[in-house]
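Student: Take this structure, written in structure tokens, and hold onto it; I'll ask about it next.
Please treat every number below as a calculation from the coordinates, not as lab data. Only a predicted model underlies this, so the values are computations on that prediction, with no experimental measurement involved. Neighbour counts run over all protein chains shown; Cβ positions are idealised from the backbone, glycine included.
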Amino acid sequence: MERIKRSLIVLPIVCLGVLGAAGCARQSVGEQAKPIVIQFWDYQRGTDLNRWEEEQIAWFEQTHSNVKIEATRLAWQSGPEKLDVAVFSGNPPDVAGSALNIAYVEQGLIEPWDDLLSPEDMADFYPTALNACTWEGRLWAIPWYKTAYIMMLNLDLFRETGVEPPKGHRWTWEEFLEKMKQLTVDKDGDGMSEQYGIGINFYPEEFESWAFLYNEGTEILSPDGRRCVFDSPETLRGVENLYDLVHKYKVALSGSGAMRQYETWDVFTNEWRIAATCQGLWSVFAQRRTNRRIEQAAQRGESDDAGVLRGRIMDFDVALFPSSGTAEPILASAGVGHLVIFKQKDPEKKKLCVEFAKHMTSGDSQKMLATQSLFPARRSAGDLYEHDPILSFVQPYVAKAKVHPLHPEWVNIDRTLSKQLQLAMLGEKPIAEAIRDGATQVQALLDRYYERRRERR
Amino acid sequence: MRTSSRKSLWGYLFIAPHLSLFLVFLFLPVLLAFLLAFREVSVIRFEGSADFFRFLVSDYIGWRNFSDAFAEPVFYSALRNTLLYTLVMVPLSVGLSLLLALLIIPLNERLQGLFRGAYYLPSMFSGVILALLWRWIYEPKNGILNLALDALGVQGPNWLGDPKIALASILVSAAVYAPGLGVIIYSAAISRIPDELLEAAHMDGASTLQKWRSVVIPLLKPTTLFLVVINTIWSFQVFTSIYIMTRGGPGDSTTTLVYFIYDLAFKQVGRKGEAAAVSFILFAMVAIVAFIQFRMLRSEAEY
Amino acid sequence: MVQLNELREIGTRPTDWAKNLRLSAASLILVLWALVVFLPLAWMGICAFTPNENLLFTRPVIRFEAFSLDNLRSVFRRSNGLFDNWLFNSFYIALVVSIGSTFLSAMAGYSYAKMRFPGRQVIFWILLATLMVPYQAIVIPLFVVVNNMLRLADSHWAIILPQLAAPAGVFFCRQYMKTLPSDLEDAARIDGCSEFGIFCRVILPVSRPVLAATAIFTFLWSWESFFWPLVILRSEKRFVLQVGLAYLQDNSLLSPGYLMAGALAASIPVVLFFIVFQRQLTKGFSFGGLQG
């Protein structure tokens, strides 16, 4: 009994002692060990690219004595929060993929790249890629890959309706409209078409339909990021065009504007109710996989219900967004994959981080992007898809694809503008008013941001 | 005198293990968060005690985070949504559990256990899993709900994508599992009602409904109040289902206070101090409500 | 337990048809509600075993012949063979937290309930108050404490210790122990038992219901905790199940089958626990202290 009583007193003391010892032990281990440890955090990149990364990490460790790279995989859903907690508690990783956040830049947590790249290297990157990693005149990340949105065409539906796909993958707005009209079919004349030309979606973080606006000349922010220039005749024209598609010519799915990306994709690939859709380039590979799966199922003799339920193999192609007049068509891009280096205290370690980051974003890495339907950020990578029957022409357009502005308030800007565009597309608000409201609200956001920044400094 | 101080010592000893962990891992972070609410957000560097003192002293901006939070329109949407959710969920959950517990009474022991278990088991599943499941059920195209409605010839709405009904959809998905705990607690409380009271009511020829109304329900008041308090606290803090199902959207129709806090802390730039401020506003609200309800509970305890 | 049904004489008097009707109406409601509650879970089970692609069609194809373990296999495969690691980690962490927390809560609860010492109320209220602070506000400071001050990041202790600190168990134990009559301890004290002896020999045996309930709840709560383990763990092999499954959540709109399979796998302990410990659970709630 007395022993138990004594141990009760001892217990909390022992607990604290163990904690302290654990703390000290870790510290002393850290001091004794020699290798430089680089914390590398990256998001899920798909099986092939993941494996390539792991191979590169192993290679780097072997070829550099005394270096250990600890890799942590982030999930797309929860990764940003995990990174945020680590950064704001003073424990950022050393190298991180797709982690550029102006909040970190403003806190002085990120190494700038201006002096770390030679002029030849700089020239190797596509300007749009560099722009997407530049804030207030300095380069904060090394670009890695680009993606873009494109128009997917269901050639089977084109053929069935007797419409020719655009020549050379290009069309003007008039040609586009004409074909959309032909592709919209109301078989039983009840006013509801069974087949539409296209579906449009606007939603925060979904930029599929923005290229329509970009091709009319829309700009969202001024180059210095302080003014919202969204309210312009170009934007008005662009949105009116889209509005007309839905309400005037009725060639776009009703409900367009309030739809989500996955809905338009579902209607395109499963229901075959639209002949064209705007999707990321990943959809090319997704559709190929679907076709292959259907084919394999058919070969295995899974025949009953086959045609109706299991989907049809789609003969498809891609097209650029309709351009205005003779201008070059522009593609939109959601962003640029990149690597960021957090501020380093040890110059030796910084050099290694830089070397590692450079290695991961040049040469072979660019070639590996093809496994993930991604496009290179470097000119020297050439055209990864030149032998691809569908994508062989796309590279130069992706290289020039317009990326949305890099701005700390982008999340809110996106939400505000997407909401106004939705209202306009649904006809719940006059277009001009929606655009104006959007621009005013965004300007208020920007003003507040710069005001607070001024106060803080 | 000596015995009382000796007793005090034992008192402290017994709470010491838990309290020491609590102080380090819960109280200290809450304190830091509280300090954060009055400071400009910056990285919390803590490589030595000098950092900590610097954090305490510098970066102090008084109540600005609070005033910024109050100036943010989304705060009021979040407040409205949270209050709406709470005002519907609490009576629904408590009322349903009471009803179910009363309905179970006349059944035999085994069936009672079966039903109680059936209602309680699903609420033991993790909130994340239930939210994922319901998000899949609410899918406008492939979701089982709209498919079933379609089979009946009814066009199902976009449950989570229509700002007018999104919050209601989330509420319904939670209300299905909320009564689980209540049923068990009520059943237990009902079983403690002394025989004599019920005998007396029965002798007077009271019908079932009268029996319920005049005898059983009043006796369950303490339980009712307890469940109301617990459900209120939980409803104020609803987050996981929002995070999984709608991310606060469309617009801010399903943004609740805790989701707003999450958004400020992790999606917005440079507003972590505001997030901390709103957390403490929420804390104050919940504490006041719970305190009021506890007081009422205390006075009702005598019967 | 009072058998209220003893007060009814069912089926022996002419007016009993009304009673029977009400009884069947009541049963109907009960059964209907049970269905409402269970159908979604049954759906989860069906989807878990239906090949993922079948679920992606406009009308999901559900055929019992097509049931397979493919989804579960996919989940295993995508976890790089770490799935059983994750399962094991979740399990032993939850077990440690459950046992440790029960013991700590029992001790602390007893003290708050029965012992007198200055500051008792205040400390207890502080404990309760922290229940009302949303964890989003605490995450970063906690990370600072765990990582910067204690250097415990990426370890299982970093999960166990904060979870042991949770005050809910203490609350329950205190409420329960308050209802225990003081005669028990007084008698033991007169017999010359030490305080710890009283605790072990008198209080604990009588508190079995609340201890069981605390143990079970703490286990389940630890099992399903996600955000903190996500933030604090870096190495894949140290992940707990919920964190591991989060990786499979990416692009979940395209893989409901995998998602449901993973969810099912993660819920199995819940179901098992419930089946095994059902009685203790319901008993654990049937004490007066909870109501007043």
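Student: Share of Cα-Cα pairs in segment C:78-284 beyond 31 Å, in percent?
Tutor: On the way: 6481 of 21321 pairs.
I get 30 percent for the Cα pairs in segment C:78-284 exceeding 31 Å.
Student: Related question: Tilt of helix A:233-243 relative to the longest C-alpha principal axis of chain A, in degrees (0 to 90, nearest 10)?
Tutor: On a 0 to 90 degree scale, this one is about 70.
Student: Debye sum, Cα scatterers, segment A:27-129, no solvent: what log₁₀ I/I(0) at q = 0.12, 0.15, 0.18, 0.22 1/Å?
Tutor: With one equal scatterer per Cα and no solvent, log10 I(q)/I(0) is -0.54, -0.86, -1.18, -1.34.
Student: Mind jotting down the distance between the C-alpha centroids of segment A:131-161 and segment A:264-287, whole Å?
Tutor: Result: 16 Å between the Cα centres.
Student: Quick one: A:D188, B:D150, fewest Cβ neighbours within 10 Å first, how do they rank? If you can, show how the numbers build up before the last one.
Tutor: Working: A:D188 8, B:D150 13.
Ordered from fewest to most neighbouring Cβ atoms within 10 Å, A:D188, B:D150 come out as A:D188, B:D150.
Student: Provide Rg and Dmax in Å for segment B:63-297, with only Cα atoms included in the calculation.
Tutor: Rg and Dmax of segment B:63-297, Cα atoms, are 20.9, 69 Å.
Student: Hey, any idea what the orientation-averaged projected area of the convex hull of segment B:65-131's Cα atoms comes to, in nm²?
Tutor: Values: hull surface 26.1 nm².
Across all orientations, segment B:65-131 yields a mean hull projection of 6.5 nm².
Student: For a distance above 19 Å, tell me the whole-number percent of Cα pairs in segment A:347-427 that qualify. Spell out each step's value before the answer.
Tutor: Working: 1970 of 3240 pairs.
The answer is 61 percent, as a whole percent.
Student: So what's segment B:239-288 giving for Cα Rg divided by 2.2 N^0.38 Å, two decimals? Don't skip to the answer; put the middle values down first.
Tutor: Values: Rg = 11.1 Å, N = 50, 2.2 N^0.38 = 9.7 Å.
In units of the globular-protein estimate, segment B:239-288 measures up at 1.14.
Student: Considering only DSSP states other than H, G, I, E and B, which GluC sites (Glu not before Pro) in segment A:340-404 qualify as loop sites with at most 13 other Cβ atoms within 10 Å?
Tutor: Numbers: sites: A:E348, A:E355, A:E386; in loops: A:E386.
For GluC sites (Glu not before Pro) across segment A:340-404 that sit outside H, G, I, E and B with at most 13 neighbouring Cβ atoms in 10 Å, the list reads A:E386.
Student: For the protein assembly as shown, I need the span (max minus min coordinate) of the C-alpha atoms along each principal axis, in Å, sorted largest to smallest.
Tutor: 99, 82, 56
Student: Still on this structure: Three principal axis extents, largest first, for the C-alpha atoms of segment A:287-431, in Å?
Tutor: 67, 50, 33
Student: In a Debye calculation with equal point scatterers on the alpha-carbon sites of segment C:37-167 and no solvent, what is log10 I(q)/I(0) at q = 0.10, 0.18, 0.21, 0.22 Å⁻¹?
Tutor: -0.62, -1.08, -1.22, -1.26
Student: In addition: Using Cα pairs closer than 8 Å and at least 6 residues apart in sequence, work out the relative contact order for chain B, in percent.
Tutor: Working: 303 pairs, mean separation 80.0, N = 303.
Value for chain B: 26 percent.
Student: Separation between the A:S118 and A:S254 pseudo-spin-labels, each 7 Å from Cα along Cα→Cβ, expressed in nm?
Tutor: Spacing of the two 7 Å Cα→Cβ label points: 6.3 nm.
Student: Take the Cβ-Cβ distance between B:A168 and A:D447 as r, set R0 to 41 Å, and report the resulting FRET efficiency rounded to the nearest 0.05. Walk me through the intermediate numbers first.
Tutor: Working: r = 36 Å, r/R0 = 0.88.
Once rounded, the FRET efficiency stands at 0.70.
Student: Quick one: if you stick a label point 7 Å off each Cα along the C-beta vector at B:A284 and C:D186, how many nm between them?
Tutor: Using points 7 Å along Cα→Cβ, the separation is 4.5 nm.
Student: Here's something else I'd like to know. In chain A, how does Rg compare with the Kirkwood Rh, expressed as the Rg/Rh ratio over alpha carbon atoms? Walk me through the numbers on the way to the answer.
Tutor: Working: Rg = 26.3 Å, Rh = 24.9 Å.
That ratio equals 1.06.
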